1. Order the following by accessible area, largest value first: S389, S467. Probe radius 1.4 Å; ligands, DNA and RNA are ignored.
2. Given an 8 Å cut-off on Cα distances and at least 6 residues of separation, report the relative contact order of segment 98-237 as a percent.
3. Rg(Cα) of segment 1-154 divided by 2.2 N^0.38 Å?
4. Suppose R0 equals 35 Å; then what is the FRET efficiency for F106 and I356 from their Cβ-Cβ distance, rounded to the nearest 0.05?
5. What percent do you get for the relative contact order of segment 53-165 when only Cα pairs under 8 Å and 6+ apart count?
6. Taking the dipole about the Cα centre of the chain, with the C-beta of Lys and Arg at +1 and of Asp and Glu at -1, give me whichever of L462, V73, S351 is farthest to the positive side.
7. Once label points are set 7 Å from the Cα along Cα→Cβ at both Y297 and H375, what is their separation, rounded to one decimal in nm?
8. Could you state how much accessible area S361 has, in square angstrom rounded to the nearest 10, with a 1.4 Å probe and all protein chains kept in place?
Amino acid sequence: MNISFEKKFLLFLLFCFLIYLQGILNLPVLDRDEARFVTASKTMILSEDFIDIKMVEEKRYKKPIGIYWFQVVTNLTFGDYPYDKIWIYRIPSILGIFFSFILIFFSLKRLETKITSFLTVVFLIFSILVISEIHQAKTDALLFLFISICNLIIYKIVKEKKKSFTFFFWISLAIGILIKGPIILIFTFVPLLIFSILKKKNYFCYLWSIGAFSIFLLISIPWFILINIKSGGLFWSESVGNDLFNKVKAGQESHGFPPGYYSLLIFLFFWPGCIFMLNTIKNIKLNLKKTFREDDYTFYLIISFIIPFLIFELIPTKLPHYVFPSYLPLSILVARNVEKANFSKELLNFSSIPLILFPISILGTIIFAIFEYSHIDKFFLINSAILTSLILALLWFRKKNNVKNLIIFSAIFQITTFLILVFFLIPKLDKFWISKRINNIITKYENDVDQTFTFGFNEPSLLFLTSHKAINNSFTEFTIETIQNKKILLIVTGEFLKNIDKQKEYENFKVVDQFSGFNYSRGHNLEFKVFKN
C-alpha cells in the first residue's frame, strides 16, 4: 500500500500525540503557575462568573481571560463536578501545540520542501521546551498556536508580496491578545516593523483590511471594557502596572537573570535541533549580505527569530518559555540548513558539545532525583542502562557522520526519556506531590469529619484540589468555638506542628497519619502529621 508523505506525517503526529497524552493523564497538578491558572478556571465554572478572574476569593489580574475561557470550555465538555481533573485543563495546551504542527507542516510545504517542513516539526516536537509546555495548563502552548498562525501568514506575504489570509491574521492576533495581552505583538508586529525599516518597504500594507481590523476590535476589546468596569480599573493596575512593567523593569519572583540566559538554555531546550544550530548560524553569517539583498523570505525568518529573542534577553525577568515562539523560525532555518547540506557530515561541525550536553544532563538529573528523593531498584538500573546505551549510540553516529540516524536516535532518546519520566520517575517522586497526598487523606476522611483544616502548606495546587471542600487554611479561625461539637481533621506542618502539643485546644486530637514531602516550589523538606478528634 502506497501511503503519501502527508499521511505518514499525520500518523507520526498521532503517534507523538498518544505518547504525550500519557504525561497529560499521569502528571499531577504543578505548582505554581499551572495551579493558579486552573484554580481560577475552576472558580469561574463553580461561580458561573465568566468575566472576572479569581482564585476562589483572591483576584488574579495578571493575564487576560482567553486561557480561562478555553479551559472552561474543555471542562464543560469533558469534565464534571467538582472539576478537579487536571488533564482536562491541559487539553487546550496539547491541542494548541498539535494544531500548530499541522498548520506549520502544511503551510511550510507551500513555501519550502516537504523534508524541510517535516524536519521543522521534528525539531520542535522533540524539544524539551515544547514537551514541557504541552503538559502545563498555562497560556504559552495555546499562544504558540496563534502566534504561529500570524507568522505563517507573514512568511507567505513576505515571500509572495501579496495579501493572504488577512482575516485569519487579525482573528488570531485578537485571540492571542485575549490569551496573553500585547506579548503577541513582540513576535509578530515588531519583527515586521524592523524588517520594513531595513528593507525600506511597508509590508504592513499587505496585512491591512478595514473589515479584518474591525473583526479584531470586536473580538479583543469587549472583555477589556467589561473587566475594567467590573474591577473598577484594578485589572489594568495589576496586569500592566504590577505584572508587565515590573518584569520589564527588574527581575521578579526570583526570575531575574542577565543577558545570555536564553542563549545558553537553547542548548538544552532546543535539543536535538541545537545539534545543527551552530553550523546553521555559521552559514547564515557567511551569506547574510546576499540574503539581505536577494532573499527577503529567508532574511525575515532571521529577523523573526533574532528580534524577539534579543528583546527577551534584555528584559530582566526571564523564564525559558518566554522565547518559545521564537523556536519556530529557528527550527525552519535549522531544517533548511540540514536539507540544503543533504544530511552531509559538514552539518556536524561544532556539534559535539550540543549533542552530548542535553542527554548527559537528563541522565544526571534522573540519577540525582532517585538518589536524593527515592531509592534505587532494578527498574532504575534498567532505565539508566537504556539511556546510557542511547547516548553511546548518538556518539557512534556522530563518529560515523551519519546525520539521518543521529536525528532518528535523538527522537528515540526523547521518547524513551519521556516514558521513563512518566511511568518510572513521577511515581517514584511521591514526596513531590504533597497536594495530591493531602487531597487523598481528606477524601479518605471526608465522610467522618465536619471540617478540615490545613496549616503550614498553602501551595496553589492544594487550593485547586480542595477549594470545593470544607477546607480552611486560616489558623486564626481555628478556635475552641470553631471545634466545639465538631469532628475536625487537622493536617499540619512547619511551625504549627512544633507548637501543637503546647496548645490546649489539641488535647483531644490523635495522630491518624503522617508523611514527609518536598516542597519543590520553595526547596524545603516538610514533615506532616494528620490529627483527628
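1. S389, S467
2. 21
3. On the way: Rg = 17.1 Å, N = 154, 2.2 N^0.38 = 14.9 Å.
Compared with the compact-globule rule of thumb, segment 1-154 sits at 1.15.
4. 0.55
5. Working: 97 pairs, mean separation 29.9, N = 113.
Normalised by residue count, the contact order of segment 53-165 is 26 percent.
6. Going by the charge dipole, the pick is S351.
7. For the pair Y297/H375, the computed spacing is 6.0 nm.
8. Using a 1.4 Å probe on the heavy atoms, I get roughly 40 Å².
The values are calculated or read from the model by the stated rules, or taken from the named source; none is laboratory data. Computed from a predicted model, the values in this text were never measured in an experiment. Glycine also receives a Cβ, built like all others from the backbone with ideal geometry; neighbour counts cover every protein chain displayed. Note: accessible area is taken over every heavy atom of the protein model, side chains too, but ligands, DNA and RNA are not part of it. Shrake-Rupley method; radii C 1.70, N 1.55, O 1.52, S 1.80 Å.
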